[in-house]
1. Based on the Cβ-Cβ distance of A112 and R38, what FRET efficiency does E = 1/(1 + (r/R0)^6) give at R0 = 41 Å, to the nearest 0.05?
2. If you add up the charges near E45, with Lys and Arg at +1 and Asp and Glu at -1, over every other residue whose beta carbon is less than 14 angstrom from its beta carbon, what do you get?
3. Could you derive backbone 3J(HN,Hα) for the stretch 133-138 from the dihedral phi with the Karplus parameters 6.51, -1.76 and 1.60 (θ = phi - 60°), listing whole Hz in sequence and x where the residue is Gly or Pro?
4. Taking loop as defined by DSSP and a crowding limit of 16 other beta carbons within 10 Å, which trypsin sites (Lys or Arg not before Pro) in the stretch 72-159 fit?
5. Give me D79, D108 sorted ascending by neighbouring Cβ count inside 10 Å, so fewest comes first.
6. What FRET efficiency, computed as 1/(1 + (r/R0)^6) with R0 = 35 Å and r the Cβ-Cβ distance, is obtained for E23 and A85, rounded to the nearest 0.05?
7. Where does the Debye-calculated log10 I(q)/I(0) of the stretch 100-159 sit at q = 0.13, 0.18, 0.20, 0.27 Å⁻¹, using only Cα point scatterers of equal weight, no solvent?
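Just so it is clear, none of the values below were taken in a lab; they were calculated from the coordinates. Note that the structure is predicted; figures quoted are calculated from it, not measured. Virtual Cβ from ideal backbone geometry, glycine too; neighbours counted across all protein chains shown.
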Amino acid sequence: MTKTKFTELTGVAVVTREIIGDESVQLAAVEYDGDAIRYIANPIEAVQLAAVEQFGYAIRYIADPSEAVQLAAVHQDGDVIQYIANPSEAVQLAAVEQDGRIIQYLRDPSEAVQLAAVERNGFAIQYIHNPSEAVQIAAVDRDVLAIRYFKDSWFDAEC
């Protein structure tokens, strides 16, 4: 974190490297503005968590976030999953349970994630490549108009 940015965020006028490196000061800064994490080199997990809880998009500035940090970020704003490399199924589920359309940011989601997405929003089916019959049924159960996004489905074969 630069001295100028630190002063701006915390109001502390006399800034030294020791103050900027102090974890309690870092924590105070990200609790005030989660985006401040971009100015902190190698923040500890507690600072990372506080940052993403205040501003989910702060995850963009965290190298290799833990699953706990990822979950906190998607709970704050599900759309941030697009900035998480290889999210676990638990993180994916937490994101799509907020908004099923978030599945569009996921590469090869499991059937469980697909089901959670369409159960939340039937129109999420439009972002799923080759949905299973179960996923298609769940999408139509949620919203019958979701059928318009079906391509080469088992529905076509029975009509």
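1. For A112 and R38, the calculated efficiency is 0.75.
2. Around E45, the charge tally is -4.
3. Values, residue by residue: 4, 4, 5, 4, 4, 4 Hz.
4. Sparse-neighbourhood loop trypsin sites (Lys or Arg not before Pro): R107, K151.
5. D108, D79
6. About 0.85, to the nearest 0.05.
7. One equal scatterer on each Cα of the stretch 100-159 leads to -0.26, -0.50, -0.62, -1.11.
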